[in-house]
Amino acid sequence: MNSNIIKPEVQRFLEKYLKDDVNRIALSKSPFVEVSARELAEQLDGKQRSQKKLPLWFSTPEIVFPAKLSIEQSSSEVTAGYKSNLLKGDKVIDLTGGFGVDCFYFSKKAKEVIHCEKNTELSQIAQHNLSVLGATNIRFVNHDSLLYLQSTEEIFDTIYIDPSRRIENKKVFLLKDTEPDVVSHLQLFLSKATRIIIKTSPLFDIQSGLKELSNVSEVHVVSVKNDCKELLWIIDRDFTAEPEISCVALSDADQRLFNFKLSEEKNADSGPFSEPLGYLYEPNVALLKAGCFKSIAARFPILKLQTNTHLYTSEVLVPDFIGRVFKVKAVYDYKTFIKQNTIRKANVITRNFPHAPEELKKKHKINDGGDEFLIFTTVYPDKLKVISATINQ
């Protein structure tokens, strides 16, 4: 880490050119002998990327930013805060410490946190930043995490690991293909801690993961502002029963949870089905990723439109639904809509429909925007419908 980055004159430069083009800064001559143009551009890029994802890091003076990949791969503040509540015990080790966002929030819950990172520069940056942020109970280990775990006599309460999902620049989709291989080393982890938390991309398949891993007590499907961000696999040494699936919808204001078990979903009834009524419900992406389709209708007083149409309806508003709620204005058969449509501006959505939104907008000469939504979908048994609706405020 280049410590000259935190000098007052360099920090003033970064603030002055915060909104400037990073590439222009990189190609310009640096005004500082000790800090190159490339380093200035890297700091500006990191700060820009952190503004929404990591507002505390963005707004704190003297923070040093690593290469953009480390910031892209780090947790956001809101997801790191959520994960900190899943820790067990007082002693936690993060085997993939990285930029240190998770460790910072872990340090608010645990008495001792170990940040393990084999990249020397990244380890130094994290140590500097977390000191600036006032975290005093984090120990830093600049070492290969698996070798460290195998050689240390320390025992931990929780092990956290965020394995790389990109090997030789290619994405992998099985847990055994991540780096480090969490499947092969699971018994090592369980010999060192009673709880293991593994973070993976939401692209990983839950059913496949449950087959690869043992002792999974919970799977948390985490979304932020209706964008699915990560899967968290909670492994408890003595757990042997059916795991619980937690669908987590996070926002700046609150968090919403929906818990269920896969056996509950499997045994739930598919119907009854209904034509669109007064209100239409679109589940949060966390519920959809978790495969929670029938359980929603079993838990809430709502009806499904069709087996493969993951939209729901009710005549009376259900206030606590986790997802978007629309007030239905009108419902058209698709053939009728083709003949009579006069709507020229709307937000087009398709759910279980044979044509894509862009195709429909072009075909029906609809421009994006406005308060109206046109939802093209299939209603039981196989009727193509168009629902005109507005977001229920």
Exercise for the section: Give me a count of the residues in the stretch 108-151 that are among the hydroxyl-bearing types (Ser, Thr, Tyr), more than 22 Å from Leu86 (Cβ to Cβ) and surrounded by 15 or more Cβ atoms within 10 Å (Cβ to Cβ). Expected result: 2
Problem - strands (runs of 3 or more DSSP E) completely within the stretch 218-292 that count 3 or more residues being free of Cβ contacts under 8 Å to residues at least 40 places away in the same chain and over 30 Å from Lys192 (Cβ atoms) - result: none
Practice task
State yes or no: is Ala297 assigned to a helix (DSSP H, G or I), in contact with a strand residue (DSSP E or B) (Cβ under 8 Å, 6 or more places away or on another chain) and within 30 Å of Lys385 (Cβ to Cβ)?
Solution key: yes
Completion exercise
Within the stretch 300-340, residues buried (at least 18 other Cβ atoms within 10 Å of the Cβ), without any contact (Cβ under 8 Å) to a residue 40 or more places away in the chain and not in a strand (DSSP E or B) come out as Ile302
Completion exercise
Taking the stretch 23-79 and keeping only residues that are surrounded by 19 or more Cβ atoms within 10 Å (Cβ to Cβ), in contact with an Asp or Glu (Cβ under 7 Å, 6 or more places away or on another chain) and small (Gly, Ala, Ser), one is left with Ser75
Exercise for the section: Could you list all residues from the stretch 137-163 that are aromatic (Phe, Trp, Tyr) and either within 13 Å of Phe189 (Cβ to Cβ) or not assigned by TED's automatic domain parsing to the domain that holds Lys91 (or both)? Expected result: Tyr148, Phe156, Tyr160
Practice task
Within the stretch 179-193, identify whether any single residue is polar (S, T, N, Q), buried (at least 17 other Cβ atoms within 10 Å of the Cβ) and in the same structural domain as Gly89 (by TED's automatic domain parsing), and answer yes or no.
Solution key: no
Handout entry: Conditions (1) under 12 Å from Ile322 (Cβ atoms); (2) surrounded by fewer than 17 Cβ atoms within 10 Å (Cβ to Cβ): number failed by Val248
Key = (2)
Completion exercise
Requiring at least 1 residues that are among the charged types (D, E, K, R) and touching a residue at least 40 places away in the same chain (Cβ under 8 Å), the strands (runs of 3 or more DSSP E) wholly within the stretch 87-197 are 91-94, 156-161
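What helices (runs of 4 or more DSSP H) lie completely within the stretch 1-74 and have 3 or more residues being of a type in the set (D, E, K, R) and not assigned by TED's automatic domain parsing to the domain that holds Asp162?
Result: 8-16, 37-53.
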Practice task
Taking Ser201 as the residue in question, decide whether it is free of Cβ contacts under 8 Å to residues at least 60 places away in the same chain, farther than 23 Å from Thr79 by Cβ and surrounded by fewer than 18 Cβ atoms within 10 Å (Cβ to Cβ).
Solution key: no
Completion exercise
Per the filter on the stretch 344-372, residues of a type in the set (Lys, Arg) and either under 17 Å from Glu282 (Cα atoms) or in contact (Cβ under 8 Å) with a residue 24 or more places away in the chain (or both) are Lys345, Arg351
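A quick yes/no check of all residues on (1) closer than 26 Å to Ser75 by Cβ; (2) modelled with pLDDT of 95 or more; (3) among the basic types (Lys, Arg):
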| site | (1), (2), (3) |
| --- | --- |
| Gly209 | yes, no, no |
| Ile235 | yes, yes, no |
| Ser251 | yes, no, no |
| Asp269 | no, no, no |
| Pro272 | no, no, no |
| Asn284 | yes, yes, no |
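The values are calculated or read from the model by the stated rules, or taken from the named source; none is laboratory data. Computed from a prediction, not measured in an experiment: that's the story for all the values here. FYI the Cβ positions are ideal-geometry reconstructions off the backbone, even for glycines, and counts take in every protein chain you see.
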